[in-house]
Amino acid sequence: MVAVFSADSKSTGTSGLTVKIGRYVRSPSTRMAAFVGALTYLSYAYAHNSGTNLALIGVSLFIGVFLPSYAKLSNKAELWANNRFGFVTAGRLGRFVPQYFFNLVVFWVMLAGGALNRGGMASVGGVAGAALLTSLASQGAQYLGLFLYQRGIGDANRNVLIGLSVNLILTALGTAGIPLAREAFLVLGLLLGGVLFGIGLLSDLRSKFAPKGGIGLYFGTFNPFHNTHLSIVRRALEERELDRVIIHPTLVPRAHAEAFRKGEIYVARLENGFQIYDKTDKADLNVDYFPTGRMFLPPETRKALIELALAEAGMAGKVEVAYMRETYDSKGFQGVIAAIKKAYPRTRLHGLHGTDYGGMLVRQIYDECGWIYPWRILRRDNVSATAIRRGAKGMTSNVVTDVLTQLSANVPVVVAGGRRFRNDNGVLTEGV
């Protein structure tokens, strides 16, 4: 469905600026930042008795205004580390380092400005120790909040906000040297940080010292399935000596499904067979809704392309294309993995993944679903689904190229690989 925007949303000049300011103020991220800034002030004002301190007031205002921008920088640092190294520990360090230095500066400014109790700060290791502990606890709390959300407990943003709030209050009390609060601050930081980085390190070790044999899992958008995807499957079968690989394409990602439900994004138009997503006036200005792009082939079409490409490459006998719509829609890839484990009990599982945003998200799911051996693929070629969606040629197998050409022409019936599909605005349905 294509939404129609009012003229106000495209206005310029003073009225356009007013609309943008209004949307920014109403943004959930803006409200969350304001809440964190206010909580920072109240927590430290109470714990350190510094309600009128200008350094505390300034830091609280800064956090309340610039927290969304800081969060974006942290995300970019983690993405860079993931793409460069492909290890969970590297990505978490990529996020941790800027957060640690941010907290280091914040504590230094407040201590120099007289907003903090010097004795209390000394009892937790001074500025460096307090910054380290609160950064570790913050990372762990966010991970825990998202972990619970993936299992249907709470809302992602609300879970993260609760975790950050608890950590913030405990940090304020702990750095003031208040008995029990100080010990709880020390334990929480070391415990959550240890668990976070410990899980990542175990995952990285499993990826390096994985045994041979078993079944490979390969999840992703495959938007569309290209030559490097085929190469990855071949390599995994050979290097890990796998009996088979089960591929399951992402259907509608949970983040997108939630945004559709809230009316924050919509399908704006059809272009060369791809559905083009766009944001509505309800969208949060501080949220990146499309980290993997805004052009998507429908899931039914992506499944058909994977099957056609595998058949053409002579790999259909070693690779299964799964499509558990009901399971995926209700429980995500966690549910898909549970179903595969039930179908193949006591079978060693290997998780194939890339190192981009989507690939590392899949890696996290593998880690959360038990003892799966990751198999990371560092992308060093120029083949990418993004380039294909932008018009690049020669990156897909002949049959995929043929189907994409027919979709671009919007023919009513697509014929490829000896199969016939009805084409309903890019959605391929076999059996015509």
> What is the fewest-to-most order of Met295, Met315 by other Cβ atoms lying within 10 Å of their Cβ?
Replying inline: Met315, Met295
> When Asp284, Asp402, Asp329 are ordered from fewest to most other Cβ atoms inside 10 Å of their Cβ, what list results?
Replying inline: Asp329, Asp402, Asp284
>> Over the chain, with a Gaussian network built from C-alpha contacts below 10 Å, which listed residue (Thr52, Thr355, Thr221) shows the highest mean-square fluctuation?
In response: Thr52
> Can you give the charge dipole size of the chain about its Cα centre, rounded to the nearest 20 debye, using +1 on the beta carbon of Lys and Arg and -1 on the beta carbon of Asp and Glu?
Replying inline: 240 debye
>> Between region 158-206 and region 58-121, how far is it from one alpha carbon centroid to the other, in angstrom?
In response: 15 Å
> Do you know the relative contact order of region 126-251, to the nearest whole percent, from alpha carbon pairs under 8 angstrom that are 6+ apart?
Replying inline: 23 percent
>> Could you tell me the center-to-center distance, by alpha carbons, between region 348-396 and region 278-309 in angstrom?
In response: 16 Å
> For the pair Leu73 and Val187, what calculated FRET efficiency results from E = 1/(1 + (r/R0)^6), where r is the Cβ-Cβ distance and R0 = 41 Å, to the nearest 0.05?
Replying inline: 0.90
> Where does region 80-169 land on Rg(C-alpha)/(2.2 N^0.38 Å)?
Replying inline: 1.25
>> Cross-link candidates for Lys282: which lysines have Cα within less than 17 Å, leaving aside residues fewer than 8 places away along the same chain?
In response: Lys10, Lys20, Lys262
> Expressed as an acute angle from 0 to 90° and rounded to the nearest 10, what is the orientation of the C-alpha long axis of helix 13-26 relative to the principal long axis of the chain?
Replying inline: 80 degrees
>> For a quick check: sort Val124, Val65 by the number of other beta carbons within 10 angstrom, fewest at the front.
In response: Val65, Val124
>> Going Cα to Cα from Lys303, which aspartates and glutamates come in below 20 Å? Please leave out same-chain ones fewer than 8 positions away.
In response: Glu271, Glu312, Glu320, Glu326, Asp329, Asp402, Asp424, Glu430
>> Can you show me the helix-derived [θ] at 222 nm for the chain, built from DSSP H runs with n ≥ 4 at -39,500 (n - 2.57) apiece and divided by the number of residues, rounded to the nearest 500.
In response: -19500 deg cm²/dmol
>> Based on C-alpha coordinates, I'd like the Rg and Dmax of the chain, in Å.
In response: 24.6, 78
> How would you classify region 166-265 from its alpha-carbon gyration tensor, with a ≥ b ≥ c the square roots of the eigenvalues: rounded for a/c under 1.5, else prolate if a/b is greater than b/c, otherwise oblate?
Replying inline: oblate
>> Working only with C-alpha atoms, what are the Rg and Dmax values of region 242-362, expressed in angstrom?
In response: 16.3, 50
>> Strictly greater than 24 Å: what percent of every Cα pair in region 322-432 meets that?
In response: 48 percent
>> How large is the direction-averaged shadow of the alpha-carbon convex hull of region 296-343, in nm²?
In response: 4.0 nm²
> Among 78-85, 137-144, how do they line up from the highest to the lowest mean number of other beta-carbon atoms within 10 Å?
Replying inline: 137-144, 78-85
> In terms of the Cα gyration tensor, with a ≥ b ≥ c the square roots of its eigenvalues, is region 7-205 rounded because a/c is under 1.5, prolate because a/b exceeds b/c, or oblate?
Replying inline: oblate
> Rounded, prolate or oblate: which fits region 211-430 when a ≥ b ≥ c are the square roots of the eigenvalues of the alpha-carbon gyration tensor, with rounded for a/c under 1.5 and prolate only if a/b beats b/c?
Replying inline: oblate
> Under unit Cβ charges (Lys, Arg +1; Asp, Glu -1), what dipole magnitude, rounded to 20 debye, does region 7-205 have relative to its Cα centre?
Replying inline: 460 debye
> For all pairs of alpha-carbon atoms in region 29-131, what percent lies in each bin of width 5 Å, listed from the first bin to the last filled one?
Replying inline: 2, 13, 18, 20, 18, 13, 9, 4, 2, 0
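Rank by packing, highest mean first: peptides 356-367, 338-349, 405-416, with packing defined as the count of other Cβ atoms within 10 Å averaged across residues.
356-367, 405-416, 338-349
Quick note: the coordinates plus some simple rules give every number you see, no bench work behind them. All values derive from a computational prediction rather than experimental measurement. No Cβ is skipped: glycine too gets one built from the backbone with ideal geometry, and neighbour counts run over all protein chains shown.
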